[in-house]
Amino acid sequence: MTNWDGLTPKSPISLDKTEFETNILDKIKKQSDKDFLLSVYTLDENAHTYSRLNIGGIERNKIERILKSVKYSPEKNSFVGLKNYKDILSGKVKDTFYPRKNTEIYYNASSSLPLRIEEKKATKQILKKASDEEKALFLLHYELEDTFYILKNEYNTFYIEEKIWSLPEYSLGSVSDSDIDVYLRKINDISLAEDNKAKENSVDAFLKANLFSQASETIIHETTDEIFNLGTFRNILSTIWTADKIQLGVVGFTFFFALFSVIGINVLAFLLALVLDSDLPGQKIFRTIFFLPNVLSMIIVALIWKMLFYQILPAISGIDLWLSDASKAPWLLILVATWQGCGYYMIVYLAGLQNIPTDVIEASLIDGASGFQRFRFITIPLIIPAITISLFLTIANALKSFDLIYAMVGPSGYATSTVPFVLDIYYEAFSHKLAGMATSKALLLFLIILLITGLQLQVMKKREVEQ
Amino acid sequence: MATLKRKHTSPTTKVVFGIVLIFSIFFFYPMIYVIINSLRESADITRFPTGLPNSFYMGNYIKAWNEMEFPKVFLNTFFITTAGVVGIILTSSMCAYMLARTTTKTSWIIYSIFTFALVIPFQIIMVPIAVLASDFNLTNTPGIILMYWGLGCPTAIFMFHGFVKSVPRELEESAAIDGAGRFYTFFVIVLPLLKTIIATIAVIDALWIWNDFLLPLLVLREGTIQLAQMRFNGQFLKDYGAMTASLTISSLPIILFYLFLQKYIIKGIAAGAVKG
């Protein structure tokens, strides 16, 4: 509940000379305390500060006690009450903490029109949202060829501008390179501003400043109009062709990761247990293999996969970005968590399956139950205790995950929205030096874990059957 | 019973076996990849990531061994783990024994406090722990061992407590009649009866402490295998040969441990799950 950063010692390492003398030394009544302080703080005249020697915890406590007795308390240690909690809940913490909407812009009006757009993308991202008028405008500029919308040549700025560059005046040298260049840029800007008057003015100025033949003047007028007319379309396209993407933030990612890794781990573990519970040859070896990742530390697991993601996957798939791609990174982390975790819960499910009394199964066989019926009405109800405990452990562990993501993505995870709660707490406390805020977040996480696992136990306990 | 067992040669079993086999190869591939590449030169790996070694190149291992200061960090981790496990078992078994054998209200309250600590995840209290550790000068090897005792004892006490209750009192009573003191009774008569649960707790805690990363990161900053591995990763990020070699040597001890004590590990997990 304090502002204290947790790492700056409460007994200051260095103090301003005047502050130390007037605020502390003069107020101390006991001479022995004064002597003690002067024995650990040495004056550095040049820097005008007192600095503390490197001392142990007991001496530091003594200093704290003395400082308290003279009511000296630096701003950093002040009591802030529930401020941290209020800040977290009212959204005043850095916005990477919360899920938030992010508008992604696919086309920027100031760049030239894309030459081709994939049909799928165009339908999904442009045509769906466009009004009939805008749709007509789009189809006027682009035509469908195979799976691409191709920009028609008459609307391609490159071809339009080419007409001016091929004027005889340019090749004769009466108009300079830079003159044309400046003019075209100007028209470009004016077209985006959709300012008709400015267009007229700059055309007139351009024609006046240089000598053109009658034919050339018409061409200039025509091309200027063509470029100018494109401006409207470019503006419209840039406003339509956007997509709202949801950034998960710390909170969102924690839940996202927990949900899918819990599903992944439990489904895979249950399937493996079912398979290994039969008379499969070599099941001991399989069990050993599937459990092996679980005995490795998360750091080793993370580094192994990190190498795979940076080495093998780009080589096999030809796609370079894996862990640094915001759309793939969360799924890759879930994959690794599943790979590492499923062995443990496979053992839990196996124990549950082997606990099913054989007489119940025999009875069902005599009653003529099919394999599926036996699974649905005997295996599932009798294995619910194992499901309960596995869900409980996986949920709690997934909400607390740290090592794996620390080693695989680290601080760059804020960019790809792959920072879980605990890692955020760690950075808050030890990189941003906000121990107060970090512990507040930790307590909130604790409440979240209690709430979710408590709810899950409530729901599952109701479904358990007494054996 | 015979009707329950399917024949090994039934076609479904064969298909299932095939699927599981293929899946397990994919599953195991990351580890194979690490071992194979640890025997190749880094330049070769960068050129053909999925290739096979031409010869047994040991340079990576030498580099990893020296750069990680492997003998030093291995011994340090080994010491922390052993001292941690022995301490947890000694303190928790004694504590649980007394708590289970005294029926006063105080002992019930103490037991409740310990079991409540089971609910609190380490990650929630890590910041205060790190701060307290530096206040009490515990940012060293003995300090972290002490912390492991504290962090490990709630689970251990909970498991011992349940087990001690199933040990018949008559044995202790007859020992007391023969004139045995409290300590003698505990160490000579009760402790040997707890062997199975001790093995379970020892194996689970050893895996936990050996593989722990967060607490050493907060408290020690360097000196355990996990921390050395992480630091090595920072230095030799692009040196894939050295990286794979270091990953191999740092996971080898724990894999051997697992292969030898597999029975206890699996029993421990199964027992914990059935009880929970």
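Please treat every number below as a calculation from the coordinates, not as lab data. Just so we're clear, the structure is a prediction, and the values are computed from it rather than from any experiment. Here the Cβ is made from the backbone with ideal geometry for all residues, glycine too, and neighbour counts use every protein chain on show.
Across all Cα pairs in segment B:76-153, the calculated P(r) in 10 Å bins from zero up to the longest distance comes to 17, 40, 34, 9, 0 percent per bin.
The Cα center of segment A:343-384 and the Cα center of segment B:196-217 differ in position by 32 Å. Excluding residues on the same chain fewer than 8 positions from residue A:245, give the lysines whose Cα lies under 22 Å from its Cα. Answer for residue A:245, where 22 Å is the Cα cut-off: A:92, A:94, A:101, A:120, A:121, A:124, A:128, A:129, A:328, listed by chain and number.
Kirkwood-type hydrodynamic radius, segment A:341-399: 12.5 Å, calculated from all non-identical alpha-carbon pairs. Temperature 10 °C, viscosity 1.306 mPa s: under these conditions the Stokes-Einstein estimate for segment B:199-257, based on its Kirkwood radius over C-alpha pairs, is 127 µm² per second. For chain B, the convex hull drawn through the C-alpha positions has a volume of 209 cubic angstrom per residue. Expressed in Å, the radius of gyration and Dmax of the Cα atoms of segment A:86-145 are 18.1, 56.
For segment B:43-181, the alpha carbon convex hull comes to 249 Å³ per residue, rounded to a whole number. Extent of the protein assembly as shown along its three principal axes (Cα atoms, max minus min coordinate, largest first): 128, 93, 59 Å. Values of log10 I(q)/I(0) for segment B:111-244 across q = 0.09, 0.13, 0.17, 0.20 Å⁻¹ run -0.43, -0.75, -1.01, -1.17, by the Debye formula with one identical scatterer at each alpha carbon and no solvent. Listed by Cβ neighbour count within 10 Å, with the fewest neighbours leading, B:212, A:26 appear as A:26, B:212.
Output the relative contact order of chain B, whole-number percent, from Cα pairs under 8 angstrom with separation of 6+ residues. This gives 31 percent for chain B. Each stretch of four or more DSSP H residues adds -39500 (n - 2.57); spread over every residue of the protein assembly as shown, this sum gives -21500 deg cm²/dmol at 222 nm. Across chain A, the longest run free of exposed loop sites, meaning GluC sites (Glu not before Pro) lying outside DSSP classes H, G, I, E and B with no more than 14 other Cβ atoms within 10 Å, spans A:195-463. Taking a straight Cα-Cα cut-off under 20 Å and skipping sequence neighbours fewer than 8 places away in the same chain, the aspartates and glutamates within cross-link reach of residue A:30 are A:19, A:21, A:59, A:64.
Building the convex hull from the alpha-carbon atoms of segment A:125-273 and averaging its projection over directions returns 15.7 nm².
Using C-alpha pairs below 8 Å separated by at least 6 residues, the relative contact order for chain A is 19 percent. Bridging of residue B:195 to aspartates and glutamates at a Cα separation below 18 Å is possible for B:172, B:205, once same-chain residues fewer than 8 apart are set aside.
Exposed loop sites were defined as trypsin sites (Lys or Arg not before Pro) in DSSP loop states (anything but H, G, I, E or B) carrying at most 13 other C-beta atoms within 10 Å; in chain B the longest segment without such a site runs B:8-220. A Cα-only calculation for segment A:314-467 places Rg and Dmax at 21.1, 68 Å.
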